[in-house]
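The values are calculated or read from the model by the stated rules, or taken from the named source; none is laboratory data. Bear in mind the structure is a predicted one, so any value in this text is a computation, not a measurement. In this analysis, Cβ positions are derived from the backbone assuming ideal geometry, glycine residues included, and neighbour counts consider all displayed protein chains. Accessible surface areas use protein heavy atoms only, side chains included; no ligands, DNA or RNA. Shrake-Rupley method; radii C 1.70, N 1.55, O 1.52, S 1.80 Å.
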Amino acid sequence: MSDEDRIFLETTRRFAPPGLAREDVRIALALAQVAPGKPVADLGCGYGRHLRALVEQGYARPLGIDRSALLLAEARAQAPGARLVEADLRALPLHEGELSAAFCFYSSMFLGSHEDALEALRECARVLRRGGALVLTTDNPLRLSARSRFEQDVPGLGRVIEESAFDGTVDRVTKTVITAKGERLSGTFVIRYYPPPDLAALARAAGLEFRRLEPDAPLTEATPQLVALLEKPLE
């Protein structure tokens with residue numbers, strides 16, 4: 001169990017209310033146009049908040065994949081109907097064409113190098129059916145430049161300090177939690193972000209087609225998170 005996993009779990013479930021995950025899933029399903037009962041997966045499912053929302057939307061047995069045993073243990077409690085698999089997104093333990101749709105929330109697929117991102121997208125393309133959708137949500141890169149430090153006392157957790165250094169492509173976020181008992185946890189998260197033209201090029205290299213981006217308007221610092229629809233070509 002790494003400090004990074006513990007920090008992610010404890011901070012995210014306090015700062016990201018269930019309603020946010022429900023809205024993420026509502027938007028993703030509207031783009032993917034996949035019917036309940038079809039095989040769908042949350043890639044980088046974390047502790048299961050989006051899996052729970054999928055179950056609530058009528059997708060009774062969604063698949064959740066994550067490389068963290070700690071987060072998957074929490075996901076079992078969050079979404080008891082989901083199928084959970086501990087695996088790397090660059091080597092999915094799935095058959096070719098097994099999924100009708102896949103979702104990846106908050107850049108979970110882009111936590112490494114550019115080569116890692118390409119490999120993960122290629123794996124997703126392999127396991128999607130022809131015409132299947134991949135919906136990616138990610139922060140707007142233009143907003144990241146304006147953020148550098150965040151510090152807050154969080155009830156039930158302790159002092160949370162977040163320092164971010166964004167170079168225009170990669171955001172290096174160091175999070176520190178100092179608990180009420182004096183325990184200090186610290187971890188650095190490296191997250192890669194792609195402007196829409198670069199994401200479209202990455203998708204093509206992986207065998208996917210860039211179909212749509214929400215919101216469909218020029219990016220500004222005020223633009224909220226981005227949601228991209230990628231599809232596996234029919235032929």
Inspect all residues belonging to region 163-179 and state whether any of them is in contact with a strand residue (DSSP E or B) (Cβ under 6 Å, 6 or more places away or on another chain) and not in a strand (DSSP E or B).
no
Which pairs have Cβ atoms under 7 Å, sit 6 or more apart or on different chains, and link a residue in region 149-167 that is closer than 18 Å to THR188 by Cβ to one that is aromatic (Phe, Trp, Tyr) and surrounded by 10 or more Cβ atoms within 10 Å (Cβ to Cβ)?
GLU162/PHE150
Any residue at all in region 209-222 that's under 19 Å from ALA120 (Cα atoms), touching a Leu at 6+ places or on another chain (Cβ under 9 Å) and not aromatic (Phe, Trp, Tyr)?
yes
Please state which one of LEU199, LEU136 is of a type outside the set (Lys, Arg), surrounded by 18 or more Cβ atoms within 10 Å (Cβ to Cβ) and part of a helix (DSSP H, G or I).
LEU199
Could you pull out the residue among ALA35, ALA91 that is within 25 Å of GLU119 (Cβ to Cβ) and open to solvent by 10 Å² or more (accessible area, probe 1.4 Å)?
ALA91
Only one of these is in contact with a Phe, Trp or Tyr (Cβ under 9 Å, 6 or more places away or on another chain) and not acidic (Asp, Glu): CYS104, CYS124. Name it.
CYS104
Quick check on my filter: what residues within region 58-82 are touching a residue at least 60 places away in the same chain (Cβ under 8 Å) and either crowded, with 22+ Cβ neighbours inside 10 Å or part of a loop (DSSP other than H, G, I, E, B) (or both)?
SER68, LEU71
Looking at (1) at negative phi; (2) surrounded by fewer than 22 Cβ atoms within 10 Å (Cβ to Cβ); (3) under 15 Å from the mean Cα position of the chain (by Cα); (4) at pLDDT below 95, find the lone condition where SER107 falls short.
(1)
How about region 177-187: which of its residues are surrounded by 14 or more Cβ atoms within 10 Å (Cβ to Cβ) and touching a helix residue (DSSP H, G or I) at 6+ places or on another chain (Cβ under 8 Å)?
VAL177, LEU185, GLY187
Check VAL55, VAL25, VAL85 and return the single one that is at pLDDT 95 or above, part of a helix (DSSP H, G or I) and open to solvent by 10 Å² or more (accessible area, probe 1.4 Å).
VAL55
Of those in region 184-207 that are of a type outside the set (A, V, I, L, M), over 18 Å from ASP171 (Cα atoms) and out of contact with any Pro (no Cβ under 9 Å at 6 or more places or on another chain), the residue modelled with the lowest pLDDT is PRO197
